[in-house]
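Since every read-out is calculated from the coordinates, none of them should be taken as a lab result. Remember, it's a predicted structure, so these values are computed and weren't measured experimentally. Neighbour counts run over all protein chains shown; Cβ positions are idealised from the backbone, glycine included.
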Amino acid sequence: MLKNNKSGGSVQAASSDFYRRMFKMVLPIIIQNLLSAAVQSADVVMLNYVGQSSISAVSLASNYGSILFMIFYGLGTGATILCAQYYGKRDMRAIQVVQGIALRFSMGISVAFAALAMFAPQLMMRLFTNDPELISIGASYLRCVSIAYICWGVTEVYLAVLRSIGKVTISTVLNVMAFSLNVVLNAVFIFGLFGAPKLGAMGVAVATSASRLIELSVCFVVSAMSDDIKLDFRYLFAKNKPLFSDFVKLSLPALGNDIVWSVGFAMYSVILGHLGSDAVAANSLVVVVRNFGTILCFGMASAGGILIGNIIGENKMEEAREGAKKVMKLTVITGAIGGLIVLASIPLMMRFASFSGQALVYLRNMLLINTYYVMGGAVNTTLIAGVFRAGGDSRFGFICDTIDMWVYAVPLGFFAAFVLKLPVMWVYFLLCTDEFVKWPWVIRHYLSGKWLKNITRDDLFAGEEEDA
């Protein structure tokens, strides 16, 4: 009996320690996500006073930033998976090499996106809309924000690595600085405050690029003061075949997963963009509200994934499995809270939006749909992007989201909108079934435990490094 009590006490202590570490990590991430959503809200609030066309154009053009961010998130995920587990082993050199490998990919992709935005912005906008006014406004926005794309290629990877080794506070402070500066500069350049030019929608791009440039500069300062992980571009050329192979094996499915999902989600905007500016304007506000609704659950997913990865790196597999159960419980709770946040926002949004009558009808109905859609996204994001990837399984999410988005959701949306010519809200409702369709497969994979793997290697740097 005494032995059982000790065992029960040990389990309880381990559980308490997990929650303590979890909440210590999740709070800065939630603050970071909150500020990110606040910046998007500030864009919409300020552009609301410029006009509906500005909101719609910036909303459509921002899809490219979202796609690029998801690419960086996928690369950062590959780095995070490896770095979190190697941090569990306290192998800092391996972490530094992984960061260099991730930067090779992210910087190349960011330069390619920036070149397109600088030299072919009208073509990029025509993929989303055929409205000449929206194309003109959006093209100006894209050309200016191309500078921010290059900065993101460096900062997102560096901050992902910092988070993976538990330095979430540093990452959050840097983002707080960038986001706060972004909001202030938005006001300055949108409305022409303090003698600055009044740029309207273009002011959002100027503010974004300026704040990201400053954030990158501060990253170099933080790196110079760091005792362990530095933003050292010499590691771009570091050669270690096992680490390169592991990074590609983990990152490419994660990157493919995020690209498939983000481009597919951007197709929703393409569909809505061809159904009228009222639908686009309403959806631009809905996205902002939904982002606020998912802050808690996505923060749990991110923190939980990092913590589970650290535990797996320590080779405590059963503890990692139990940790995943705890993260899922927290996700369901925070997903429900997120739905209530969206529901509570409806009266405020209806009073705030300076839309036409039809756009207001769309806005109300879209928000109602998102009161439950938040839960679908919360569960899938936690498992696919958090738990599974922490265990070294990024392939399942890639296959699952490819089928879900490109075999089911996107074709269904185009068919409903342009073949059946259903009303806008029916099209939107059908698009928002995507998260729930994949629940049976995602939950089944979670229960199987096949995602749980220790992917670290020993003696990585014994002997000469091989060519990557």
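Structure notes:
- Counting only lysines at least 8 places from Lys450 when in the same chain, those with an alpha carbon closer than 30 Å to its own are Lys24, Lys89, Lys167, Lys241, Lys249, Lys316, Lys325, Lys326, Lys329, Lys438.
- For the stretch 166-173, backbone phi angles converted through the Karplus equation (6.51, -1.76, 1.60; θ = phi - 60°) give residue-by-residue couplings of x, 8, 6, 5, 4, 4, 5, 4 Hz, Gly and Pro being listed as x.
- nm² value of the averaged projected area, convex hull over the Cα atoms of the stretch 142-215: 4.7
- Note on the stretch 172-279: percent of Cα-Cα distances in each 10 Å bin, starting at 0 and stopping at the bin with the largest distance, equals 12, 20, 31, 26, 11, 1.
- C-alpha long axis of helix 295-313 to longest principal axis of the chain, angle in °: 20
- For the stretch 329-468, the fraction of alpha-carbon pairs in successive 10 Å shells from zero, as %: 10, 28, 28, 18, 9, 5, 1, 0
- Note on Arg234 and Arg351: the model spin-label points, each 7 Å out from Cα along the C-beta direction, lie 6.0 nm apart.
- Segment Val248-Leu368, length gained on full extension (0.36 nm per residue, minus Cα span): 39.1 nm
- Ranking of Asp131, Asp232, Asp17, Asp434 by count of other Cβ atoms within 10 Å, fewest first: Asp17, Asp232, Asp131, Asp434
- C-alpha long axis of helix 277-293 to longest principal axis of the chain, angle in °: 30
- On Cα atoms only, tilt of 2-48 relative to the major axis of the chain in degrees: 20
- By the Stokes-Einstein formula, at 1.306 mPa s and 10 °C, the chain with its Kirkwood radius over alpha-carbon pairs has D equal to 69 µm²/s.
- Only helices enter this figure: runs of n ≥ 4 DSSP H residues, each worth -39500 (n - 2.57), summed and divided by the residues of the chain, yield -27000 deg cm²/dmol at 222 nm to the nearest 500.
- Longest to shortest principal axis, alpha-carbon extents of the stretch 78-192, angstrom: 56, 29, 18
- Tensor-based shape of the stretch 45-251 (alpha-carbon gyration tensor, a/c under 1.5 rounded, otherwise prolate or oblate): prolate
- Cα gyration tensor, the stretch 225-288 - rounded (a/c under 1.5), prolate or oblate: prolate
- Test item: Cα-centred dipole of the stretch 389-450, Lys/Arg +1 and Asp/Glu -1 on Cβ, debye: 120
- Shape call, the stretch 287-341: gyration tensor on alpha carbons, a/c limit 1.5: oblate
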